[in-house]
Amino acid sequence: MGAKLSYNWMTEAGMKRDEKLVPMPAEGRRRSGRVQEDRIIDPYKHIQKLPEPSFCRQCGAVYHAGRWQWSPQPSGAHDVLCQACHRINDKYPAGVVTLTGSSAAANSVELTRIARHQEASEKQDHPLNRIINIEENADGIVINTTDIHLPVRIGKAIHRAFRGKLDEHFDEAGYFVRVNWHRDD
Ligand SMILES: [Zn+2]
C-alpha cells in the first residue's frame with residue numbers, strides 16, 4: 001500500500017486474471033431488464049454464487065440473503081475476500097472521479113468532504129461501494145472507487161453544490177466508469 005496509483009497498467013496489462021476472476025462478459029450479454037446494479041458485471045465478482053452466510057475476512061461485510069450487508073458475523077460463516085477488498089488490495093479501481101480547475105484547487109477540503117459523505121451514505125446499504133483513496137496532485141483531485149455507482153453519486157453531489165461541468169464515461173465491457181468534474185472561476 002501507499003504506492004501511487006497509476007492507470008497505465010489498466011491498458012497495458014488489460015484485465016488481470018486469476019482463478020478468482022470472471023472473464024469479461026461478452027458484448028451484449030445480460031442486457032435484459034435487470035436492475036441497474038446487475039446490468040454490468042464486475043469481473044471481480046465471484047464466479048460461483050457465494051455460500052451463505054459468508055463474511056469478508058478483511059472488512060467484515062457479511063454476505064447473506066443474496067446480498068452484502070453490515071451485520072454481526074454469523075456463526076459458521078464462510079471466510080472469503082469481498083470484491084471491494086480484492087480491488088483495494090490490487091489497487092484496481094472500478095471508478096475514477098477527477099476534479100479539475102481552479103475551483104477544485106480552491107475547494108479541495110469541501111470537495112473531499114462531499115465525496116466522503118457520499119461514500120458513507122452509499123456504503124450503509126452497499127458495503128462494497130467504497131472509496132479506495134483520494135489523491136491530490138498538480139492537475140487536481142482524483143478519487144478512486146471500488147465500484148461504478150459511487151463515482152456517479154459523488155459527481156452529482158459535487159455538481160449540485162458547485163455547478164461546473166460534469167461528464168460521465170461508462171465502459172460497459174470493462175466494468176469501469178470515469179467521472180470528470182471541472183470548474184474554473
Ligand atoms: Zn471486504
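The values are calculated or read from the model by the stated rules, or taken from the named source; none is laboratory data. Since we're looking at a predicted model, the values are computed, not measured. A quick note on method: Cβ atoms are made from the backbone with ideal geometry, for glycine too, and the neighbour counts reach across all protein chains shown.
A residue that is more than 16 Å from the ligand (Cβ to nearest atom), surrounded by fewer than 15 Cβ atoms within 10 Å (Cβ to Cβ), without any contact (Cβ under 8 Å) to a residue 12 or more places away in the chain and more than 14 Å from the chain's Cα centre (by Cα) cannot be found anywhere in region 95-102. Take the conditions more than 16 Å from the ligand (Cβ to nearest atom) and crowded, with 19+ Cβ neighbours inside 10 Å and apply them to Leu111. Does it pass? Criteria met by Leu111. Residues of region 119-151 that are surrounded by 18 or more Cβ atoms within 10 Å (Cβ to Cβ) and hydroxyl-bearing (Ser, Thr, Tyr): Thr145, Thr146. Any idea how many residues of region 56-86 are assigned to a loop (DSSP other than H, G, I, E, B), within 8 Å of the ligand (Cβ to nearest atom) and not polar (S, T, N, Q)? Going through region 56-86 one residue at a time, the tally reaches 6. Can you find even one residue in region 107-118 that is outside the structural domain of Pro43 (by TED's automatic domain parsing), in contact with a Lys or Arg (Cβ under 6 Å, 6 or more places away or on another chain) and in a helix (DSSP H, G or I)? Scanning region 107-118, I find at least one residue that is outside the structural domain of Pro43 (by TED's automatic domain parsing), in contact with a Lys or Arg (Cβ under 6 Å, 6 or more places away or on another chain) and in a helix (DSSP H, G or I), so the answer is yes.
Only one of the listed residues (Asn89, Asn129) is within 12 Å of the ligand (Cβ to nearest atom) and under 20 Å from Phe170 (Cα atoms). That residue is Asn129.
Return yes when His149 is more than 18 Å from the chain's Cα centre (by Cα) and of a type outside the set (D, E, K, R) and no when it is not. Here the answer is no, as His149 does not meet what is asked. Can you name the condition, by its number, that Asp147 falls short on among (1) in a strand (DSSP E or B); (2) within 25 Å of Pro43 (Cα to Cα)? Exception for Asp147: condition (1). For beta carbons closer than 6 Å, sequence separation of 6+ or different chains, a first residue in region 54-82 that is touching a residue at least 40 places away in the same chain (Cβ under 8 Å) and assigned by TED's automatic domain parsing to the domain that holds Ala120 and a second that is more than 8 Å from the ligand (Cβ to nearest atom) and among the acidic types (Asp, Glu), there are no qualifying pairs.
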